[in-house]
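**Student:** Right, I'll just put the structure down here and ask away after.
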Amino acid sequence: MKAGFFETDITPAYGMEKPGGYGKAYNKAMHDPLKARAAVFDNGERRLAFVGIDTCVVTGRTVREAREAIAQGCGIEMDAVMIGASHTHAGGPLFGLFPDDVADASSLVRTLVLEHSTVVDPLYHAWVVGQIATAVCEADRRKEDARISVGSGYEAGAVFNRRFKMKDGKCATHPGKMNPDIVAPAGPVDPEVGVVAAWRPDGPLLGCIINYACHGTTGPGGTSADWIHYLERILRGAMGRDTVTVFLNGACGDVTQVNNLSLRTPEFGEYRAREVGARVGAEAVKVLVGSPSGEVRSLAKAREVLRISRRRPSPESIVKCRQLVEDGLESGETGTTEWTFAKERLVLDYLVRKQPEVPVEVQALQVGPALFLANPSEFFCRLGLDIKDGSAFPFTFVVELANGGVGYVPTPEALDPMTGGGYETVLTSYSNLAPDAGPRIVQASLELAARLTPEPPPQEELTEPSPNVWGYGWLGELE
């Protein structure tokens, strides 16, 4: 096996849009640089590339163009490239619709998208495509003989499910710290810290892939990779300043750093970003130094593209939303929650007429005993755990927001009109897939996993039993 790692800069310019919400926001300060980090594995018969990029969501168009550039630049097959967004809410303008996506829309919809929503900056998009391709092609060029280690750790103190069952029978997202109407969390967390690493035969670490499920919403201030920046700093401090850490986010559609069952503060800012990154990074270091490395030979890939219907807003709601939106535009009061989600529903109405079904790529990439199963949604944690539970691989790592962005995919229970609810279930231009999307992605992921054959993980080198006692071991109290 050969492996190579490389990273490139994708920090947006001052004043560019900052995605993460439903309205306009702009980058006005920089906390830390944003990156595209790549790992390439080559067993002589096949090459696989993993890319983690510091962005809220990566569009399908960005992924397609980056894959094309990679195939042209170094010959890695397009379906052998996995590109995952870290989900930082302090990244660059790579999330939302492109301006030309609404070229044929009504003037109202164009106004709502271009002037009141986050949109992709075509220049930034083109630059990031080139930087992703450069990272992969340079990682491929730098490949060298490598021993592979695979392992996982456990870090439960950094993550919490943000959805709760309430006394009224419904569910709420972030209901307020210690709200007396909270009954119980509405879903689990996944504390597994997955690590796949490549080592030089003489010992030093070449680079690693880290998989952990947590929103990038600590917000340390300014443009930032969020807590992933501190994850990288911990790994570089322990393993070497040139260590490249490819971060791929797990199934965290309903999981963040905020503990609503505690009154502790702060939950946001520099302190919390540092804490989450340090917790996950420290556990990753423990896994790195504690997992045996050895010869790994298997590289494999599989892929399926599902066609999933969108949920349609009712005609009655569209009439009401249009009136709300037009009134807000006329009065200048466009910042309210009610206006924002009315705006979103009007844009969705346009999109569902234009594209009633959405392509959803489910991808499997195998490195020996480790299997990465990716999809482009903000995937609820319970669904990710269902995939892990059903996989025969000794290490199964679920990757969300990979190879595109199709919004939240909740469990069917979360979408139940009687007992569900919460922010993630609301219809928007970003999040609108049918209730069966989650089970279908789980099923497709497990079908892909079943096509592939796990390789046993590397084992520690063992010595033979010995009857020879250490010379000093005979010594006792001297007479």
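**Student:** Quick one: dipole size for segment 402-479, taken about the Cα centre, charges +1 on Lys/Arg Cβ and -1 on Asp/Glu Cβ, in debye to the nearest 20.
**Tutor:** Computed charge dipole of segment 402-479: roughly 660 debye.
**Student:** Place a point 7 Å from Cα of residue 305 in the direction of its Cβ. Which residues in segment 324-356 have their backbone N less than 16 Å from it?
**Tutor:** 355-356
**Student:** Where a ≥ b ≥ c are the square roots of the eigenvalues of the C-alpha gyration tensor, would you call segment 219-366 rounded, which needs a/c under 1.5, or, failing that, prolate if a/b is larger than b/c, or oblate?
**Tutor:** It is oblate, given that a/c is not under 1.5 and a/b is not larger than b/c.
**Student:** Please enumerate, by chain and number, the lysines with C-alpha under 24 Å from the C-alpha of residue 301, excluding those fewer than 8 residues away in the same chain.
**Tutor:** 2, 143, 388
**Student:** Another one. Could you sort 163-171, 25-33 so that the peptide with the highest average Cβ count within 10 Å comes first and the rest follow in order?
**Tutor:** Ranking, from highest mean packing down: 163-171, 25-33.
**Student:** Could you give the dipole magnitude of segment 313-354 about its Cα centre, charging the beta-carbon of Lys and Arg +1 and that of Asp and Glu -1, in debye to the nearest 20?
**Tutor:** 300
**Student:** Taking the Cα centre of the chain as the origin, how large is its charge dipole in debye, to the nearest 20, when only Lys and Arg (+1) and Asp and Glu (-1) carry charge on their Cβ atoms?
**Tutor:** In debye, rounded to 20, the chain gives about 640.
**Student:** Set Lys and Arg Cβ to +1 and Asp and Glu Cβ to -1, take the dipole of segment 313-354 about its Cα centre, and tell me which of 314, 335, 325 lies farthest positive.
**Tutor:** Result: 314.
**Student:** Give the shape of segment 385-442 as rounded, prolate or oblate, defined through the alpha-carbon gyration tensor: a ≥ b ≥ c are the square roots of its eigenvalues, a/c under 1.5 means rounded, and otherwise the shape is prolate if a/b is larger than b/c and oblate if not.
**Tutor:** oblate
**Student:** Mind pulling up the Rg/Rh value for segment 313-354? Radius of gyration and Kirkwood radius, both on Cα.
**Tutor:** On the Cα set of segment 313-354, Rg over Rh gives 0.98.
**Student:** Which whole DSSP H helices in the chain pass both tests: a Cα extent of 15 Å or more along the axis and a mean Kyte-Doolittle value no lower than -1.0?
**Tutor:** Helices meeting the criterion: 60-74, 122-141, 227-239, 270-290, 315-331, 337-354, 437-451.
**Student:** Right, something else. Under the rule of -39500 (n - 2.57) per DSSP H run of 4 or more residues, summed and divided by the residues of the chain, what mean residue ellipticity at 222 nm is obtained, to the nearest 500 deg cm²/dmol?
**Tutor:** -9500 deg cm²/dmol
**Student:** For the chain, how big is Rg over Rh, using alpha carbon atoms and the Kirkwood form of Rh?
**Tutor:** Computed over Cα atoms, the ratio is 1.01.
**Student:** Excluding same-chain residues fewer than 8 positions from residue 28, which lysines have a Cα within less than 22 Å of its Cα?
**Tutor:** Once the sequence-local lysines are set aside, what remains near residue 28 is 18.
**Student:** Right, next: Out of all DSSP beta bridges with both ends in the chain, state the antiparallel percent to the nearest 5.
**Tutor:** The antiparallel proportion sits near 75 percent.
**Student:** Using a 4.7 Å cut-off between beta carbons, which cysteines in the chain end up with no partner cysteine at all?
**Tutor:** 56, 171, 208, 214, 252, 321, 381
No value in this document is a laboratory result; all are computed from the given coordinates. The model shown is predicted, which means the values in this text are computed figures rather than measured ones. Note that each Cβ is placed from the backbone with ideal geometry, even for glycine, and that neighbours are counted across all protein chains shown.
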